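To keep things clear, I will list the structure first and then write my remarks on it.
FYI, it's all coordinate maths here, none of it is from the lab. Just so it is clear, the structure is predicted and the values come from calculations on it, not from any experiment. Here the Cβ positions follow ideal geometry from the backbone for every residue, glycine too, while neighbour counts run over all protein chains shown.
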Amino acid sequence: MKEKVKCLIIGSGPAGYTAGIYASRANLSPILIEGMMPGGQLTMTTTVENFPGYPFGKQGPEMMTDFRMQAERMGADIRMGMVTAVDLSIRPFVCTIDEDKQVLADTIIISTGALAKWLEIESEQDFKGYGISTCATCDGFFYKNKNVAVVGGGDSALEEAAYLAQMCKKVYLIHRRDEFRASKAMQQRIFQIPNIEIIWNSTIQEVLGEKEGMMKKVTGMRLYDKLKKSTQDIEVDGIFVAIGHTPATSLFEGQLELDEQGYIKTIPGTTKTSVPGVFAAGDVQDSNYRQAITAAASGCMAALDAERFLNSQE
């Protein structure tokens, strides 16, 4: 027998758990399927200092535990597992969980997030969250008056470099080519910032750092110059990887309208997607802000949009 639910939330993290809180309070009795990374990207971070309500900061995994507990306390049915297939062409929508169980949903809130692209070098794994970050807005505060590096050549990378240059002593901007992909306006801005040094035609070959028990810290990077076929070591306290994100939307290709990067398109000012009754929240539909607070806010919006949609159907 197939299970029937008013609201199915696909994915956890700030958006999914917040949607669970609001949908529960609206008596939608939501089922939330956590996905392969319960808690989302914040479970890979250390101290989060910019989320309201945590005046002394909070470890990312602990914060997501708080979110989860609150959603559960409100009544959300939170389950481990993966949504492996969806059919959005019929109502109620048909969702397959772990390839063997089907749930019929009157509404769906998608909060599957987006994963940052990494350098994919062995030494990077040792220092993720301990000097290597994918979010300057989140972690730049920790590097005041220090030297950092930003890797990338698009608008996001240049924006991160400009942001960090306001507080850091020096910012090295590392790009593997001899020209940026970013807009001309953004490039002009970067070229005029005195404490940004651009290093062309180079890639990070190795992240240098110190490890002592559980204590880790980045101390530098080994760069490989593709033209000179040589390496050089540069001392930095932090490395920000800004080579893009991959939204987790493969499940919805051909069923929902996506943008060029694969993010779910929503009607401006709402979380409504191209399919009535399906809503998107968090980084899966946000290629701009990508903050925990904005993800949580859109989770609230999605639950309210779902409630109003159901009321309109009645």
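Proximity of backbone amide H atoms, modeled 1.01 Å from N, is registered between V48 and K58, Q59, G60 at under 5 Å, excluding neighbours fewer than 5 places apart on the same chain. Extents of segment 70-121, taken as max minus min of Cα coordinates on every principal axis and listed largest first, are 44, 32, 19 Å. Taking only alpha carbon atoms, the chain gives an Rg to Rh ratio of 1.02, where Rh is the Kirkwood radius. Peptides 266-274, 225-233 ranked from most to least packed by the mean count of surrounding Cβ atoms within 10 Å: 266-274, 225-233. Relative intensity of segment 118-241 on a log10 scale, I(q)/I(0) at q = 0.13, 0.20 Å⁻¹, equals -0.47, -1.12, per a Debye sum over C-alpha point scatterers of equal strength in the absence of solvent. The phi torsions of segment 31-41, fed into the Karplus equation with coefficients 6.51, -1.76 and 1.60 and a -60° offset, translate into couplings of 9, 10, 9, 6, x, 6, 10, x, x, x, 5 Hz, rounded to whole numbers, with Gly and Pro shown as x. Scalar couplings 3J(HN,Hα) for segment 300-308, obtained by applying the Karplus form with A = 6.51, B = -1.76, C = 1.60 to θ = phi - 60°, are 4, 4, 4, 5, 5, 5, 5, 4, 5 Hz; x denotes Gly and Pro. Computed from the C-beta positions of L310 and Q166, the FRET efficiency with R₀ = 41 Å rounds to 0.35. Using a cutoff of 8 angstrom between alpha carbon atoms and counting only pairs six or more residues apart, the relative contact order for the chain works out to 21 percent. Residues of the chain were split at every exposed loop site, defined as chymotrypsin sites (Phe, Trp or Tyr not before Pro) in a DSSP loop with at most 13 other C-beta atoms within 10 angstrom, and the longest piece left, sites excluded, is 57-288. Here the dipole of the chain is about 480 debye; that uses its Cα centre as origin and unit charges on the Cβ of Lys and Arg (positive) and Asp and Glu (negative). Using the average count of surrounding beta-carbon atoms within 10 Å as a protection proxy, the listed peptides 107-113, 206-212 rank, highest first, as 107-113, 206-212.
Listed by chain and number, the aspartates and glutamates whose C-alpha is less than 17 Å from the C-alpha of K128, apart from same-chain residues fewer than 8 away, are E120, D139, E206, E210, E212, D237. Listed by chain and number, the aspartates and glutamates placed with their C-alpha closer than 12 angstrom to that of K58 are E49, D66; residues fewer than eight positions away on the same chain are left out. If you take all other residues with their beta carbon under 13 Å from the beta carbon of A116, and give Lys and Arg +1 and Asp and Glu -1, the sum is -2.
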